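The values are calculated or read from the model by the stated rules, or taken from the named source; none is laboratory data. For clarity, every value in this text was computed on a predicted model and none was experimentally measured. No Cβ is skipped: glycine too gets one built from the backbone with ideal geometry, and neighbour counts run over all protein chains shown. Remember, those area values only see protein heavy atoms, side chains included, never the ligands or the DNA or RNA. Shrake-Rupley method; radii C 1.70, N 1.55, O 1.52, S 1.80 Å.
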Amino acid sequence: MILVYTSYNPNNFLQNDVQYYLGQVNGISVLDDYGYHPTAITASIKAVRQKYSPLRIWAVFEPHQFSRVTLFQKAFIKALDTADKVIVTKIFS
């Protein structure tokens, strides 16, 4: 299983896809990504799926900016639906 945590991370702000392998816990690989827009989330999950197939992908999404979540609500749902399981935290700001 792969766990992708998408949140604000100033260390990978300029990266184009999932760049940070954080390690493994109980056989679960944990990756970090900065997915701030539905298009970026879709691309990241697709890249992870290509690299780690056939493992299940869990996406943990920490949304930022209430206005962005409201504006792109349907697109976020569609993007996150490409993961096998999704956990969404409270909106950061």
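Our estimate of slack between Ala47 and Leu71, defined as 0.36 nm per intervening residue step minus the Cα-Cα distance, is 6.1 nm. Here the simple spin-label model places points 7 Å from the Cα toward Cβ, and for Ile28 and Ile87 these points are separated by 0.5 nm. Among the protein heavy atoms, those of Arg56 account for about 130 Å² of accessible surface (1.4 Å probe, every chain in place). Amide H to amide H distances under 5 Å link Val86 with Ala59, where only residues 5 or more positions off or on other chains count and H is placed in the peptide plane. Near the amide H of Tyr20, within less than 5 Å, lie the amide hydrogens of Asp32, all on another chain or at least 5 residues away, with H placed in the peptide plane.
Applying the Karplus relation 6.51 cos²θ - 1.76 cosθ + 1.60 with θ = phi - 60° to segment 68-83 yields 3J(HN,Hα) values of 5, 5, 5, 5, 10, 3, 5, 5, 4, 4, 5, 5, 5, 5, 7, 7 Hz, where x marks Gly and Pro.
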